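Engineer: My structure is below; once you've seen it, I'll send some questions.
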Amino acid sequence: MTDRDELVVRGIPLARIVGITGVVATVLLFGTFISGSPGEPTLNATTAEAAEYVRGLDATWVRQLEAVGDIAMFVLLWFMVGLALLLRRVDADVPVRSTMAMLSAVLAAAFVIFDVGDAAGAHRATDLDPGQLAYAYDVSHFGLANVWLPFGGFAFACGWIIISSGAMPRWLGRWGLISGMGLALAQFVWTVEVAWLLPYLAFWLWLLTIAVLLIRRRGFGLPEEATGGA
């Protein structure tokens, strides 16, 4: 891409800025989720396991990590919207796919940021019985299963554009399509950890790979260099 064609923000190519936000947000998200979820049981945990886990979240440092996680998700939204807008340049005349990618990004961010089930249960843990604490756990973790669909929709839409346009390596587009479909279908087997974990990890690795390619400025082609959309 020439300097004339590349959008810049204070001399830095916009695609590179989008990629940096993706890497930073992904690292922050996984860092906060892993360190802020000590001893987290599986999605189909028993009432006692779920209640004990929620009680353990009633700590100041956990709430602070949750705030960092929300900020990280908002930064990731910048990346996902930015990628959708970059791909819009090589989408069809009616940019349905890039628009759906953007809407999927907003839905995914909303699910994560507005999820307060665990936090609310932990805040009132001393006043709630195990069944109510388990319900708070289920609200948050069923929400996790629901967020797979917009994440999958984002990967599917972006992957489709990449394959049809050639703006980025087509293997990256196929990766997006497969992980996107896998995440959507994972909702049918949400209680089987390995069944949803594989497409879930594949999605995040795909997202991180795209972010790195954008930072290196080797993965995005000009609209006139790419074949038209579907």
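Engineer: Can you pull out the trypsin sites (Lys or Arg not before Pro) in segment 106-189 whose DSSP state is coil and whose Cβ has at most 14 other Cβ atoms within 10 Å?
Structural biologist: Counting only loop positions with at most 14 other Cβ atoms within 10 Å, the trypsin sites (Lys or Arg not before Pro) in segment 106-189 are Arg124.
Engineer: Would you mind estimating how fast segment 108-157 diffuses translationally, via Stokes-Einstein at 10 °C and 1.306 mPa s with the Kirkwood radius over Cα pairs, in µm²/s?
Structural biologist: Answer, rounded: 136 µm²/s.
Engineer: For segment 118-217, run through the chymotrypsin sites (Phe, Trp or Tyr not before Pro) and keep only the ones in DSSP coil with at most 10 other Cβ atoms within 10 Å of their Cβ. Before the final figure, lay out the partial values.
Structural biologist: Details: sites: Tyr135, Tyr137, Phe142, Trp148, Phe151, Phe154, Phe156, Trp160, Trp171, Trp175, Phe188, Trp190, Trp196, Tyr200, Phe203, Trp204, Trp206; in loops: Trp190.
Filter output for segment 118-217: empty list.
Rule-based calculations on the coordinates, nothing more; no lab input. Model, not experiment: these values are computed from the prediction. Glycine gets a Cβ as well: all are built from the backbone with ideal geometry, and neighbour counts include every protein chain shown.
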